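To start, the structure under review is shown below, and the notes come after it.
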Amino acid sequence: MFVLSDIHGNLPALEAVRADAGSLEDAFFCGDLVGYYPWPDEVVDVARKKDFIGVRGNHDEALVIGSSFGFGGEAGEAIQWSKGEVSDRNLRYLEALPYTRSEKFQGKDVLIAHGSPRQPIEEYIYPERVNEQFLERQTFDPEVLLLGHTHVPFVKEVGDALVINPGSVGQPRDGDPRASYAELDLKAMDAEIHRVEYDIGRVEEKVEEEGLPVGLAKRLEKGR
Ligand code: ZN
């Protein structure tokens, strides 16, 4: 199975991941379909049609509740713009996304949250924070924990549990501009991060065309 997160309306990146993965059936999704980039409706279309097993992120939440509260200038501007782009049907899809999801897949307890299980919308969990104490503080005890929000990919084994952040499809922040996603083997309890090149220039053009902040496109080249 595949794990995707933080697509942020970046359709060229999502298309590259789809081509690389071969299929996105049964994909887990850790939040933030929208925000930043100019294809929010098309990206939600893919998530809805492929039936992603997903949760909502802070940008999805901002769009759904109709506020850009808590967002910096560029992120807030992009959310305001995206609001006019998402169809009613896709808005209802975003509204129905839960904060966390806990289900059994192939016999394993899988828990999905954007930030953390305790604070699904707000908390940033970087790899160095993921240890036994972190897991003990959570109210759930999953075998596999899937997180997003930081845009920094990692795969970490903690005791018997596997904790994964697949990184960001649409806006990587670990210095590598290639789109990031994870391939998860639940039977073997093993995961691998994949990176895929895509046409950043196409995003830059569309960002300019739509009058979105140019800085949003420029940061893609640096992976920051
Ligand atoms: Zn994000």
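The values are calculated or read from the model by the stated rules, or taken from the named source; none is laboratory data. This one's a predicted model, so the numbers in the text were calculated from it and none came from an experiment. Glycine also receives a Cβ, built like all others from the backbone with ideal geometry; neighbour counts cover every protein chain displayed. Ligands, DNA and RNA are excluded from the accessible area calculation, which covers all protein heavy atoms including side chains. Shrake-Rupley method; radii C 1.70, N 1.55, O 1.52, S 1.80 Å.
Between GLU77, GLU61, GLU103, which is touching a helix residue (DSSP H, G or I) at 6+ places or on another chain (Cβ under 9 Å) and open to solvent by 50 Å² or more (accessible area, probe 1.4 Å)? Explain how you work it out, then say what you get.
Values: GLU61 fails: open to solvent by 50 Å² or more (accessible area, probe 1.4 Å); GLU103 fails: touching a helix residue (DSSP H, G or I) at 6+ places or on another chain (Cβ under 9 Å).
Exactly one of GLU77, GLU61, GLU103 is touching a helix residue (DSSP H, G or I) at 6+ places or on another chain (Cβ under 9 Å) and open to solvent by 50 Å² or more (accessible area, probe 1.4 Å), namely GLU77.
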Anything in the stretch 6-36 that is near the ligand (Cβ under 10 Å from one of its atoms) and not aliphatic (A, V, I, L, M)? List them, or say none.
ASP6, HIS8, CYS30, GLY31, ASP32, GLY35, TYR36
Residue by residue through the stretch 165-179, note down the ones that are under 23 Å from TYR99 (Cβ atoms), surrounded by 24 or more Cβ atoms within 10 Å (Cβ to Cβ) and either out of contact with any Phe, Trp or Tyr (no Cβ under 8 Å at 6 or more places or on another chain) or aliphatic (A, V, I, L, M) (or both).
SER168, VAL169
May I ask you to list the residues in the stretch 3-29 that are under 18 Å from ARG101 (Cα atoms) and touching a Pro at 6+ places or on another chain (Cβ under 7 Å)?
VAL3, LEU4, SER5
Members of the stretch 185-223 found to be of a type outside the set (D, E, K, R) and touching a Leu at 6+ places or on another chain (Cβ under 8 Å), listed by number:
MET189, ALA191, ILE200, VAL203, VAL207
For the stretch 152-159, state whether one or more residues are exposed (fewer than 15 other Cβ atoms within 10 Å of the Cβ), of a type outside the set (S, T, N, Q) and under 21 Å from LEU14 (Cα atoms).
no
When you scan the stretch 47-58, do you find a residue that is touching a helix residue (DSSP H, G or I) at 6+ places or on another chain (Cβ under 8 Å) and within 23 Å of PRO213 (Cβ to Cβ), even just one?
no
Return yes or no: is PHE71 within 14 Å of the ligand (Cβ to nearest atom) and open to solvent by 30 Å² or more (accessible area, probe 1.4 Å)?
yes
Inside the stretch 117-135, the number of residues satisfying the requirement of being out of contact with any strand residue (DSSP E or B) (no Cβ under 7 Å at 6 or more places or on another chain) and surrounded by fewer than 21 Cβ atoms within 10 Å (Cβ to Cβ) is 11
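To keep it simple, each residue is scored yes or no on (1) within 15 Å of the ligand (Cβ to nearest atom); (2) at pLDDT 90 or above; (3) in contact with a helix residue (DSSP H, G or I) (Cβ under 7 Å, 6 or more places away or on another chain); (4) among the charged types (D, E, K, R).
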{"position": "ARG92", "(1), (2), (3), (4)": "no, yes, no, yes"}
{"position": "GLY107", "(1), (2), (3), (4)": "no, yes, no, no"}
{"position": "ARG129", "(1), (2), (3), (4)": "no, yes, no, yes"}
{"position": "ASP141", "(1), (2), (3), (4)": "no, no, no, yes"}
{"position": "LEU146", "(1), (2), (3), (4)": "yes, yes, no, no"}
{"position": "HIS151", "(1), (2), (3), (4)": "yes, yes, no, no"}
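Please specify each residue of the stretch 194-209 satisfying the condition of being assigned to a loop (DSSP other than H, G, I, E, B) and surrounded by 13 or more Cβ atoms within 10 Å (Cβ to Cβ).
Of everything in the stretch 194-209, just one residue is assigned to a loop (DSSP other than H, G, I, E, B) and surrounded by 13 or more Cβ atoms within 10 Å (Cβ to Cβ), namely TYR198.
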Matching entry among ALA182, ALA191 (being away from the ligand (no atom under 11 Å from the Cβ), farther than 19 Å from VAL55 by Cα and not in a loop (DSSP other than H, G, I, E, B)):
ALA191
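From the list VAL3, VAL46, which one is closer than 16 Å to ALA179 by Cβ, open to solvent by less than 30 Å² (accessible area, probe 1.4 Å) and over 13 Å from the mean Cα position of the chain (by Cα)?
Numbers: VAL3 fails: over 13 Å from the mean Cα position of the chain (by Cα).
The unique qualifying residue is VAL46.
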